[in-house]
Amino acid sequence: MKQFLLRGQQLVTIAFLEGQLKRLPNLIEGEDALLQVPSVLQDQSLKHALVVTTAGFIRRGTLKPFFETLTNQGIAYTIYSEVIPDPDIACVEKGYKLYYQNGCDAIVAIGGGSAMDCAKIIGARVANPDKTVEDMTGNMKIRKNLPPFFAVPTTAGSGSEVTAGAVITEPAGSRKYPIFDFVLMPTYAVLDPKLLLNLPPFMTAASGMDALTHAVEAYTNKFHHKAAADYAKKAVSLIMANLEKAVANGQNLYARHQMLKGSYYAGIAFNVALVGYVHAISHGIGGRYHLQHGQINASLLPLVLEAYGKAAHKSLADLADLVGLSGQTEADKAQAFIQKIRDLRSAINLPAGIPDIQEADIADLAAGAEKEGNPIYPTPVTWQQADFEIILRKVKAEH
Ligand SMILES: [Fe+2]
């Protein structure tokens with residue numbers, strides 16, 4: 001009975017999340033895609049963009065051609081480049097103030113998850129001047145449309161450019177609050193591979209493995225939502241074919257572009273079909289030891305998939321077929337796909353293990369993972385605390 005209720009709850013969640021597929025962003029992609037944004041703004045009679053980004057992008061001059069194009073098209077802009085990693089409410093309020101003081105009417109967010117999340121919440125404040133950020137944390141509390149919003153990812157991994165969510169960090173500490181509302185889905189996603197040319201190999205590798213994890217977890221989850229599964233497959237193909245190339249040669253614009261696409265499709269897949277226990281375990285490890293999210297996922301992914309056992313064989317065998325791996329049985333193919341993930345991970349120089357994990361923290365990390373994963377993530381099997389502890393000990397010892 002409990003299992004039945006659990007499945008019912010997961011199905012209702014997925015049916016709700018499916019609503020995102022009707023609001024996917026308009027896609028602008030390819031080399032110099034960012035430089036098309038000013039024309040789009042002009043076509044829509046928008047006059048003043050708030051550009052939300054990080055200080056590094058301004059310092060390096062990467063966005064100079066974009067600013068010149070805005071000026072040439074007669075569009076004013078205000079730069080807000082004080083976005084910090086894990087933005088807090090003060091960070092949002094500063095940007096919101098700039099938006100109003102300068103009479104902005106559109107938002108262009110250029111960066112990783114932090115810049116995009118901060119910009120989304122600035123947009124939510126613009127839509128609801130009478131509500132505080134605290135009023136809008138949780139589900140479906142924004143309700144009014146944001147100003148036209150352009151999401152421009154500068155890593156290929158998080159998928160934030162295609163999510164209806166954002167995360168805000170409490171001012172004093174490390175607690176993070178999710179905000180979810182369909183209106184947070186960007187109006188435009190701009191996939192410009194040139195913006196990734198300076199992304200270092202480690203960040204390319206780690207963010208790419210995060211995207212792969214989104215796709216594989218979405219695909220191995222139960223209920224097999226058809227559209228989400230198709231997006232997950234597209235993502236796995238693109239990432240398996242291009243991640244190693246993008247890491248080996250950061251200047252490979254084709255591989256960079258394919259990785260952006262892969263990450264975007266993976267984003268759509270996991271926003272509907274959700275992630276699984278890799279993410280449930282990873283979030284606690286990331287918070288405690290300050291390791292890169294994608295690197296942690298890369299270490300956990302093969303171990304978690306193996307531990308799912310038979311319940312994941314069919315879907316992993318599908319993915320093995322997709323990338324041209326052979327095997328006599330579904331179990332063989334599943335194992336071949338898991339091995340392929342390990343091979344890719346070592347080819348891009350990410351570690352197999354996480355020795356930072358302390359034995360004394362394991363019970364707590366396992367409890368946190370169980371709380372995050374159950375009952376919402378529709379994983380192929382349901383784990384209890386002891387199962388999470390086994391994985392944590394394995395990944396600590398792996399090398
Ligand atoms: Fe992730």
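The values are calculated or read from the model by the stated rules, or taken from the named source; none is laboratory data. Not measured: the values here are computed from a predicted model. Cβ: placed from backbone, ideal geometry, glycine included. Neighbour counts: every protein chain shown. Note: accessible area is taken over every heavy atom of the protein model, side chains too, but ligands, DNA and RNA are not part of it. Shrake-Rupley method; radii C 1.70, N 1.55, O 1.52, S 1.80 Å.
Table: residues versus (1) open to solvent by 40 Å² or more (accessible area, probe 1.4 Å); (2) part of a loop (DSSP other than H, G, I, E, B); (3) in contact with a Pro (Cβ under 6 Å, 6 or more places away or on another chain); (4) β-branched (Val, Ile, Thr).
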{"site": "Pro302", "(1), (2), (3), (4)": "no, no, no, no"}
{"site": "Gln328", "(1), (2), (3), (4)": "yes, yes, no, no"}
{"site": "Ala334", "(1), (2), (3), (4)": "no, no, no, no"}
{"site": "Arg342", "(1), (2), (3), (4)": "yes, no, yes, no"}
{"site": "Gly353", "(1), (2), (3), (4)": "no, yes, no, no"}
In segment 48-99, anything open to solvent by 80 Å² or more (accessible area, probe 1.4 Å) and either under 17 Å from Gly112 (Cβ atoms) or in contact with a Gly (Cβ under 8 Å, 6 or more places away or on another chain) (or both) is listed as Arg59, Arg60, Glu82, Pro85
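Quick check on segment 206-226. Is at least one of its residues assigned to a helix (DSSP H, G or I), out of contact with any Gly (no Cβ under 7 Å at 6 or more places or on another chain) and either without any contact (Cβ under 8 Å) to a residue 24 or more places away in the chain or away from the ligand (no atom under 15 Å from the Cβ) (or both)?
The first filter runs over segment 206-226 and keeps only residues assigned to a helix (DSSP H, G or I), leaving 206-220, 226.
From the residues that got through so far, the ones that are out of contact with any Gly (no Cβ under 7 Å at 6 or more places or on another chain) too are 212-213, 215-216, 218-219, 226.
Restricting the remaining residues to those that are either without any contact (Cβ under 8 Å) to a residue 24 or more places away in the chain or away from the ligand (no atom under 15 Å from the Cβ) (or both) gives 226.
Within segment 206-226, one or more residues are assigned to a helix (DSSP H, G or I), out of contact with any Gly (no Cβ under 7 Å at 6 or more places or on another chain) and either without any contact (Cβ under 8 Å) to a residue 24 or more places away in the chain or away from the ligand (no atom under 15 Å from the Cβ) (or both).
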Only one of (1) more than 27 Å from Leu253 (Cα to Cα); (2) in a helix (DSSP H, G or I) fails for Leu70. Which number is that?
(1)
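Considering segment 276-294 alone, what residues qualify as being more than 10 Å from the ligand (Cβ to nearest atom) and open to solvent by 10 Å² or more (accessible area, probe 1.4 Å)?
The first filter runs over segment 276-294 and keeps only residues more than 10 Å from the ligand (Cβ to nearest atom), leaving 276-277, 280-281, 284-285, 287-292.
Within segment 276-294, Gly284, Gly287, Arg288, Tyr289, His290, Leu291, Gln292 qualify.
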Which of the numbered conditions does Asp210 fail, given that it passes all the others? Conditions: (1) buried (at least 21 other Cβ atoms within 10 Å of the Cβ); (2) assigned by TED's automatic domain parsing to the domain that holds Ala109; (3) not hydroxyl-bearing (Ser, Thr, Tyr).
(2)
For segment 130-153, pairs from a residue that is among the aliphatic types (A, V, I, L, M) to a residue that is part of a loop (DSSP other than H, G, I, E, B), with Cβ under 7 Å and 6 or more apart or across chains, are Met136/Asn128; Met136/Ile142; Met140/Asp181; Ile142/Asn128; Ile142/Asp181; Ala151/Pro25; Ala151/Pro186; Val152/Asp192
